[in-house]
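> I'd like to ask you about the structure that follows.
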Amino acid sequence: MTRRVLIRATGTARPGQLAGLGRALARTGARLLDINQSVTFGILSLEALVGLDHDVDLEAALSEAGDALGLDVQAIQVSAEDYQRWSVEASQPRLILTLLAPHLPAGILAEVGALTAEHGLTVELIHRLSGREPLDGGVPPHGACVECWLRGEEVDLEALREKALALGAMHGVDIAIQEDSIWRRHRRLVCFDMDSTLIQAEVIDELARRHGVYDEVAAVTERAMRGELDFQQSFRERMGKLKGLDEAVLAEIAESLPLMDGVERLMTHLKRLGYRTAILSGGFTYFARYLQQKLGFDEIHANELVIENGKVTGEVREPIVDAERKAALLREIAEREGLRPEQTIAVGDGANDLKMLASAGLGIAFRAKPLVRQQAQHSISTLGLDAVLYLIGYRQSDLDDVTTP
């Protein structure tokens, strides 16, 4: 009858330890069933599950090897019941919980531990995606990020996300929870809203200020927010206020658009890693095209201003890019590129982005209002736009190694 033994080895890491333990196990005739090893702050931790089909003094062999290798080695008998329980747990769905903030307070670990335990989830692995903090104690250049792998029976994911959102708000930490799958590691298309997502401005407000009609445009926006007008109605009414605006003003505003924190780093890495990128905006193609040239987006879809004799007419060409159009464009681009919906990412900040976010495999509300954060799958509020790279699962150290061919 097969005897199963869990071997646990710990100690200061040094070269040759795996080889030494491997030779000791080989002499006993053990079969390797599972193994995991990590080194943290110079301390090695190795766990290996082995099977033995005959009597052998495994403990003595491992003790001798451990002494020679500077490791504390334990051999723990595993019952058939425990082995069966582990097998069942390993087949349960996995969730990925990501913590993001300029700094991560230690107390968040206790809170996250309590939250996951409440939902019957086991923390399987915790590792850091962000770089080391500066020696002077300053803020890490790209924030702090820790990724936790959770395992457990089916949970109410929406309820878990709702509690995580509230917990994160209390501690100034973004907490994202996503289901693990092969597609999570093979996203290929990223679609962005433009205003207040890629840029720190709402272009139509800037145009209105320059044309002296900001208060009138803001009043229309307020009516739309109260539900008195739908997007297309409010958009057309606001556009009408811009009639007669000089075309030269568009170029002046485009040149002065403030980019969102982290957008240049994000786009640099997405292009290097082979992602297709698109702007899907309820704003204007004039400004989306400017960003395309500056940052390298593969394609843009926005509203086309009608300009005649150097003046804005107050009209736009059909179709108007509204919430439904954004979601449809995301699906159309994915289909054209031969991608599954799970391979898409969408990033936006407003209610007009919610349908696009819901259509994507990974929908991210970026620095959004509370209502949008609550309805979106995930949200980022504490870091720059390049924190999207953490939610895709990239380590900062790996990104730093990526160089342009």
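> For Ala169 paired with Gln84, estimate the spin-label separation in nm (one decimal), with each label point 7 Å from Cα along the Cα-to-Cβ line.
Each label point lies 7 Å from its Cα, and together they span 4.6 nm.
> Could you check which residue among Leu95, Leu52, Leu266 shows the biggest mean-square fluctuation in a GNM of the chain with a 10 Å Cα cutoff?
Looking only at Leu95, Leu52, Leu266, the largest GNM fluctuation is found for Leu52.
> Turning to a different aspect of this structure: Calculate, for segment 119-190, the solvent-accessible area per residue in square angstrom, rolling a 1.4 angstrom probe over the heavy atoms of the protein chains.
About 53 Å² of surface per residue is accessible.
> Which FRET efficiency value, to the nearest 0.05, is calculated for Glu337 and Arg94 with the Förster distance at 41 angstrom and r the Cβ-Cβ distance?
0.90
> For segment 328-405, with all protein chains present and a 1.4 Å probe, just round the carbon and sulfur fraction of the accessible area to a whole percent.
48
> On average, how much accessible surface per residue is there in segment 1-78, in Å², for a 1.4 Å probe, leaving out ligands, DNA and RNA?
58
> Quick one: P(r) of the chain from all Cα-Cα pairs, 20 Å bins, percents rounded to integers, in order of increasing distance.
Going from the shortest bin to the longest, the percentages are 23, 45, 23, 8, 1.
> Need the list of aspartates and glutamates near Lys311 for cross-linking: C-alpha distance under 18 angstrom, and skip anything on the same chain fewer than eight residues off.
In chain and number order, the partners are Asp205, Glu206, Glu237, Asp246, Glu247, Glu252.
> Within the set of other residues whose C-beta is less than 11 Å from the C-beta of Arg210, count the net charge using Lys and Arg as +1 and Asp and Glu as -1.
Residues close to Arg210 contribute a combined charge of -3.
> Once label points are set 7 Å from the Cα along Cα→Cβ at both Thr122 and Glu158, what is their separation, rounded to one decimal in nm?
Those two pseudo-labels are separated by 2.9 nm.
> Which part of segment 283-297 falls in the paramagnetic zone of Gln375, meaning amide N under 15 Å from the point 7 Å along Cα-to-beta-carbon?
In segment 283-297, the label zone of Gln375 (backbone N under 15 Å from the point 7 Å along Cα→Cβ) covers no residue.
> Between Glu304 and Arg223, how many nm apart are label points set 7 Å from Cα along the C-beta direction?
2.8
> When the chain is fully extended, how far beyond the present Cα-Cα distance does Val56 get from Trp149, taking 0.36 nm per residue of separation?
Fully extending the segment from Val56 to Trp149 adds 29.9 nm.
> Quick one: ranking Thr116, Thr313, Thr12 by accessible area, 1.4 Å probe, largest first, what do you get?
Thr12, Thr313, Thr116
> Please list, by residue number, every one of the trypsin sites (Lys or Arg not before Pro) in segment 141-245 that is coil in DSSP and has at most 14 other beta-carbon atoms within 10 Å. Before the final figure, lay out the partial values.
Details: sites: Arg151, Arg161, Lys163, Arg184, Arg185, Arg187, Arg188, Arg209, Arg210, Arg223, Arg226, Arg236, Arg238, Lys241, Lys243; in loops: Arg187, Arg188, Arg226, Lys241, Lys243.
Hits after loop and neighbour filter: Arg226, Lys243.
> Which residue, Ser379, Ser196, Ser38, has the most motion in a Gaussian network model of the chain that connects Cα atoms within less than 10 Å?
The residue that fluctuates most here is Ser38.
> If you place +1 on the Cβ of every Lys and Arg and -1 on the Cβ of every Asp and Glu, how big does the dipole about the Cα centre of the chain come out, in debye to the nearest 20?
Numbers: 44 positive and 61 negative charges, 121 e Å.
Once rounded to the nearest 20, the dipole reads 580 debye.
> How much of the accessible area of segment 1-90, in percent, comes from carbon and sulfur atoms when a 1.4 Å probe is used?
53
> How high is the FRET efficiency between Gln233 and Asp180 when r is their beta carbon distance and R₀ equals 30 Å, given to the nearest 0.05? Let's see the in-between values first.
Details: r = 42 Å, r/R0 = 1.41.
Efficiency for this residue pair is about 0.10.
> Same structure again: Using a Gaussian network for the chain with springs between C-alpha atoms less than 10 Å apart, which of these wobbles most: Asp261, Asp53, Asp298?
Asp53
> Continuing with this model, one more query. Would you kindly derive the ³J(HN,Hα) couplings of segment 184-191 from the backbone phi angles with the Karplus curve 6.51 cos²θ - 1.76 cosθ + 1.60 (θ = phi - 60°), listing them in order in whole Hz, with x for Gly and Pro?
Listing the rounded values in order: 4, 9, 9, 5, 9, 10, 10, 10 Hz.
The values are calculated or read from the model by the stated rules, or taken from the named source; none is laboratory data. For clarity, every value in this text was computed on a predicted model and none was experimentally measured. Methodologically, a virtual Cβ is constructed for each residue, glycine included, from the backbone with ideal geometry; neighbour enumeration extends over all protein chains shown. Heads up: the accessible areas ignore ligands, DNA and RNA and are worked out on the full protein's heavy atoms, side chains in. Shrake-Rupley method; radii C 1.70, N 1.55, O 1.52, S 1.80 Å.
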